[in-house]
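K.L.:
Quick one: the structure is below, and I'll ask about it shortly.
The values are calculated or read from the model by the stated rules, or taken from the named source; none is laboratory data. Remember, predicted model here, so these are calculated numbers, not experimental data. Note that we place each Cβ from the backbone using ideal geometry, even for glycine, and neighbour counts take in every protein chain shown.
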Amino acid sequence: MMSAEQSEPPPSQTSRIGRSTLLLGAGLGVTGLGTLLTMAIGARALPSREYGAFVTWWALATFCGTIFAVFEIYVARHVVTAVGEGRAFQPSVATLSGSAWLVAAGTSGALLVSSLWLAHHVFDGNIAATLLLPVFVSLAMLQCLQRGVGIGRGTFGGNASQGMTDGILRALFAGLVALSGKHSMNWFAAAACASSACSLLVVHRVVPVWVRPRLSGTRVHWMPLMQLSTGIISAMLLLNGSIVWLSASSSVSTYTLGAFAGAITLSQVPAQFASAVASTALSNLSIAIDSGKFDDFRRLRNKMLRWCAVGGGLFVAAFALFGQLALSIYLGSNYQLPRVDLIVLGVTSMVMLLALVQQAALSAQRQWRQISVSWGLGCLGFTATFFLPFEPLTRALLAPLLAALIVLVTMAVVQATENRKWSRETLG
């Protein structure tokens, strides 16, 4: 039986995890700030109808691009194992890159087929922005592959640089578009694509991503990727789906839609930092699992969940007090939401933060099917909420909260089951 001293993680490990999380958090913070500045510039430079269309474009583009986060997680898990065993990780990355390009081609094809409908019904007649969606999807896919390699190798500085470059240039390009007098969402969509492309080039020297895709051997990965993609798609649906649904329902004014979208963006600050925590968690928890150090695994997981619970609670309180002020500064005084709506969005973001960290723990254990089931149940809850007899805005607020709670509880039950299995094996 281990002593208390032996069961404690080395201080160097805790400090390394803390430094890595702070580094990634800084990169994600700059990315989020760049998004906020871009939206703030757009709200002032574009007519209200055009701005509403751009907000919807950004939500759909982010949703489609983040589908490839499944490859970020899956690549990272394979790279951790390859590095730990002293093997070259490039063959696995090449195979997974081939799978990613196939998904990108399918997603882009679907967007192109529906481009005329999207332009007419969703993007206020802006066909150029619609055709830029496949470009953004391909760039987002390459960003995810690059980050996956960085997480697996532990080169978190490269991932942070990617986020900082993307965020800074996104806001800079949007500012240049506004100064040039281009009052069309097409130019803002082009600015978003350009900043993503530049971020890939800046980080390429640290984390190369230009590998030759390999299609042979991809079949063995499709089932885990499909299971994990259910979780990623559901997570993005929870984060951004309400905006698209509220826009398509045409049940609120353009100012209410813009305020709702802006408040969701502001409320997702903890969820942005969840990626930093989840990335370091995935890397370190995977190493613990591969080394058979289950006590270290449980300890690190519990510590990260505690950090996130405390941080999320503080954010909810701050968002309740200062959310409306932040929204007014962000978009202008015409964009208003009641305080109770801001509290609901803040709580949703905190629950999502905890769920994403728990997902990292299950990913380290390669529990792809359980992750899929958890998010699938959450997605069902999200969809069912829109059939409740409430006002459209209320349904749009409650849907992601109820779904996130379902996901978190389901994942906690799965983890508790795994803990009991480990305890029985240890006693046996």
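K.L.:
Out of Leu300, Leu337, which single residue is buried (at least 22 other Cβ atoms within 10 Å of the Cβ) and out of contact with any Phe, Trp or Tyr (no Cβ under 6 Å at 6 or more places or on another chain)?
P.N.:
Values: Leu337 fails: buried (at least 22 other Cβ atoms within 10 Å of the Cβ).
It is Leu300.
K.L.:
Exactly one of these conditions fails for Gly332: (1) surrounded by fewer than 23 Cβ atoms within 10 Å (Cβ to Cβ); (2) closer than 17 Å to Val413 by Cβ. Give me its number.
P.N.:
Going through (1) surrounded by fewer than 23 Cβ atoms within 10 Å (Cβ to Cβ); (2) closer than 17 Å to Val413 by Cβ one by one, Gly332 breaks only (2).
K.L.:
Further question: Pairs only if they're at least six apart or on different chains, beta carbon under 8 angstrom, first in segment 318-333 and assigned by TED's automatic domain parsing to the domain that holds Pro270, second outside any helix (DSSP H, G or I) and surrounded by fewer than 16 Cβ atoms within 10 Å (Cβ to Cβ); list them, first residue then second.
P.N.:
Gln324/Gln336; Leu327/Gln336; Ser328/Gln336
K.L.:
Please go through segment 70-89 and give me each residue that is crowded, with 23+ Cβ neighbours inside 10 Å and aliphatic (A, V, I, L, M), ordered by number.
P.N.:
First, the residues of segment 70-89 that are crowded, with 23+ Cβ neighbours inside 10 Å: 70-77, 79-80.
Selection gives Val70, Ile73, Val75, Ala76, Val79, Val80.
K.L.:
Any idea which of Ala288, Ala317, Ala281 is exposed (fewer than 15 other Cβ atoms within 10 Å of the Cβ) and in a helix (DSSP H, G or I)? Steps first, please.
P.N.:
Values: Ala288 fails: exposed (fewer than 15 other Cβ atoms within 10 Å of the Cβ); Ala281 fails: exposed (fewer than 15 other Cβ atoms within 10 Å of the Cβ).
Result of the check over Ala288, Ala317, Ala281: Ala317.
K.L.:
Next question. Among the listed residues Ala396, Ala384, which satisfies the condition of being among the aliphatic types (A, V, I, L, M) and out of contact with any Phe, Trp or Tyr (no Cβ under 8 Å at 6 or more places or on another chain)?
P.N.:
Details: Ala396 fails: out of contact with any Phe, Trp or Tyr (no Cβ under 8 Å at 6 or more places or on another chain).
Only one candidate qualifies: Ala384.
K.L.:
Would you pick out the residues in segment 365-407 that are in a helix (DSSP H, G or I), over 16 Å from Ser247 (Cβ atoms) and among the basic types (Lys, Arg)?
P.N.:
Answer for segment 365-407, where residues must be in a helix (DSSP H, G or I), over 16 Å from Ser247 (Cβ atoms) and among the basic types (Lys, Arg): just Arg369.
K.L.:
Can you tell me which of (1) modelled with pLDDT under 85; (2) surrounded by fewer than 18 Cβ atoms within 10 Å (Cβ to Cβ) is the one Trp368 doesn't meet?
P.N.:
(2)
K.L.:
Here are Phe386, Phe382: which of them is more than 29 Å from Phe71 (Cβ to Cβ) and either in contact with a Leu (Cβ under 7 Å, 6 or more places away or on another chain) or surrounded by fewer than 18 Cβ atoms within 10 Å (Cβ to Cβ) (or both)? It would help to see each step written out before you state the result.
P.N.:
On the way: Phe382 fails: more than 29 Å from Phe71 (Cβ to Cβ).
When all the criteria are applied, what remains is Phe386.
K.L.:
Scan Ile67, Ile17 and give me the residue that is under 23 Å from Met185 (Cβ atoms) and at pLDDT below 80. Walk me through how you get there before you give the answer.
P.N.:
Values: Ile17 fails: under 23 Å from Met185 (Cβ atoms).
So the residue among Ile67, Ile17 that is under 23 Å from Met185 (Cβ atoms) and at pLDDT below 80 is Ile67.
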